[in-house]
Amino acid sequence: MQFIETRGNDGTKPSSVLFSEAILSPSASFGGLYVPQTLPNLDKAFLEGHLSSHYKTLALDFLESFGIDIETEVLKSALDRYDAFDDPSNPVPLSKIEDDCFVSELYHGPTRAFKDMALQPFGYVLSRVAQKKGEQYLIMAATSGDTGPATLETFKNQDNIQVACLYPDGGTSDVQRLQMVTEDAKNLKVIGVEGNFDDTQNTLKDLLASEEFKAQLAQKNIKLSAANSVNFGRIIFQIIYHIHSYLELVRKNEISMGEKVYLVVPSGNFGNALGAYYAKKSGLPIEKILISSNSNNILTDWINNGTYDLTTRELIQTDSPAMDILKSSNVERIMFDKFGATRTKELMESLANDGKYQLTKRELAQLREDFDASFSDDSECEAVVGNYAKKGYIMDPHTATCMKAYDSLREKPLKTIVYSTAEWTKFSPSVAKALGQHVTEDTQALKWVSDNTNVTVPAMITELFSKPVIHTVIVPKEGIQDEMLGFL
Ligand SMILES: *Cc1c(COP(=O)(O)O)cnc(C)c1O
């Protein structure tokens, strides 16, 4: 199976590549992305065949039917990473919160955010592919909180990969910062940057674009790769849990095989939603994918009006920071699938040059065949968290954005799966506030919420507060390059 380019081919890169190449060098011609040329078939026979399958068995069969150039043994070992999740017999449990509404909990991995679902197996695969080629790779990440910990965790002590992770000093929660600075492995470097997340991300972009930096890396025989969701190696693992969650509903006798469901996906870079789209396209019985956002509701505009306009917006800091995103990278893969490479290139160029684009009426109608969208601001999310806490279910602020979409967007009385992307422990002060208690420190909020509700704090979170801090470097933006070269 080959991977092709969302903006067409520039004549210098190969026009199609294998999976291993697409994940090592994820940037395609004209700044585009790689997408699969074909998708596996999730017909009734496939789904019925996996009705009593373990998550890993389903995943392996799915990955093999994708025809990627990764050996079965490597895939198996990668999937064994799910054995370290809370319940090895089911890494992604489903909780019923309404008669027709179920929460698929994607956060039961080591860093308590859904990033682990894809990054855990992906980290193993990428390292093995790099080893096989005998090449050294550097992964650089700028994080506002969830991507950093999950990236460090998956690559720690993996051969042929080094990771440098930049975070804004003071711009993450205590838990998120500790998850990074206590991570102890020779191939990991964590750097606090003086400034906010935008400063951090811009510094990283400048560094990655700098010829001097590239020359220095080349001299050391180090290549650059990426572990954000522009890398299809993450997306492929994000299709699987949608299939699994559907099968969970069948297993629990909540739906019959073939019955359609709604999915509600709290979205930022649209990786999770893209996984749902590929599952739907492959044949999983999905009525529609409902996209929820916070006040940075550019995706709501895109899906409701066909407008993508950065010129009228500034990033707003919300209680769901992992969704504080305006340039959503995987939207491009949807447009390629629906409108083709020529049009996608035109739209993405217009976004780069004019800061905006507008879909035609016909294009918008095509988009809305699969998607609908709404958003919730912080006070709406706070009310949702408070209401469900009273009913005995604690959710985090990202998951809470989904409930308005569930309440208002469904046109048919079908069962609905809501995706929970983070455990409440990562955002405990917001959760305590929704329950009526004002505390600013993570330690106090964790204690207060667990003392006053039916939830407990998992060991990997409590242990953070007594682990030794390994990474103490905090530098101004100008100091990052030297820190990096010292590390490499
Ligand atoms: C990354 C993240 C999201 C957004 O997911 P995308 O795939 O980028 O749309 C939502 N919630 C949480 C908690 C996240 O960490």
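Residue check: is Ala341 more than 21 Å from the chain's Cα centre (by Cα), more than 30 Å from Pro429 (Cα to Cα) and small (Gly, Ala, Ser)? So Ala341 fits the description; yes. Entry remark, region 63-101: residues being open to solvent by 20 Å² or more (accessible area, probe 1.4 Å) and out of contact with any Asp or Glu (no Cβ under 6 Å at 6 or more places or on another chain) number 25 in total.
With the condition kept exactly as written, say whether any residue in region 54-62 is closer than 23 Å to Leu126 by Cα, hydrophobic (A, V, I, L, M, F, W, C) and surrounded by fewer than 16 Cβ atoms within 10 Å (Cβ to Cβ).
Scanning region 54-62, I find no residue that is closer than 23 Å to Leu126 by Cα, hydrophobic (A, V, I, L, M, F, W, C) and surrounded by fewer than 16 Cβ atoms within 10 Å (Cβ to Cβ), so the answer is no.
Filter region 393-406 for residues that are touching a strand residue (DSSP E or B) at 6+ places or on another chain (Cβ under 9 Å) and either under 19 Å from Val457 (Cα atoms) or acidic (Asp, Glu) (or both) and give the result.
Tyr393, Met395, Asp396, Pro397, His398, Thr399
Is it the case that region 385-404 has a residue that's more than 20 Å from the chain's Cα centre (by Cα), more than 16 Å from the ligand (Cβ to nearest atom) and β-branched (Val, Ile, Thr)? Taking every residue of region 385-404 in turn, none turns out to be more than 20 Å from the chain's Cα centre (by Cα), more than 16 Å from the ligand (Cβ to nearest atom) and β-branched (Val, Ile, Thr). Taking the conditions exactly as written (away from the ligand (no atom under 12 Å from the Cβ), not in a loop (DSSP other than H, G, I, E, B) and not β-branched (Val, Ile, Thr)), does Leu284 satisfy them or not? So Leu284 does not fit the description; no. Considered as a group, the residues in region 141-162 that are crowded, with 22+ Cβ neighbours inside 10 Å and over 19 Å from Met117 (Cα atoms) include one that is modelled with the highest pLDDT, and that residue is Ile161. The set of residues in region 296-327 being surrounded by 22 or more Cβ atoms within 10 Å (Cβ to Cβ) and either of a type in the set (Gly, Ala, Ser) or away from the ligand (no atom under 16 Å from the Cβ) (or both) consists of Ser320, Ala322. When the criteria are applied in full, Leu274 fails the requirement of being open to solvent by 10 Å² or more (accessible area, probe 1.4 Å), farther than 15 Å from Glu369 by Cβ, within 16 Å of the ligand (Cβ to nearest atom) and not polar (S, T, N, Q).
Yes or no, residue by residue, for (1) in a helix (DSSP H, G or I); (2) closer than 30 Å to Ser210 by Cβ:
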| residue | (1), (2) |
| --- | --- |
| Asp83 | yes, no |
| Val92 | no, no |
| Gln120 | yes, no |
| Leu126 | yes, yes |
| Thr172 | no, yes |
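Here Ile191 does not qualify as surrounded by 20 or more Cβ atoms within 10 Å (Cβ to Cβ) and farther than 22 Å from Ala113 by Cα. The selection criterion, being within 12 Å of the ligand (Cβ to nearest atom), closer than 23 Å to Asp396 by Cβ and open to solvent by 10 Å² or more (accessible area, probe 1.4 Å), holds for Asn228.
Note on region 393-463: enclosed helices (runs of 4 or more DSSP H) holding 1 or more residues that are closer than 18 Å to Val103 by Cα and open to solvent by 40 Å² or more (accessible area, probe 1.4 Å) are 402-408. Here Met257 fulfils each of the conditions (1) open to solvent by 10 Å² or more (accessible area, probe 1.4 Å); (2) under 20 Å from Ala405 (Cα atoms) apart from (2).
The values are calculated or read from the model by the stated rules, or taken from the named source; none is laboratory data. Source: prediction; values computed, not measured. Positions of Cβ are generated from backbone atoms using ideal geometry, with glycine treated the same way; all protein chains shown enter the neighbour counts. The protein model used for the area step is the full one, side chains on, heavy atoms only, and it has no ligands, DNA or RNA in it. Shrake-Rupley method; radii C 1.70, N 1.55, O 1.52, S 1.80 Å.
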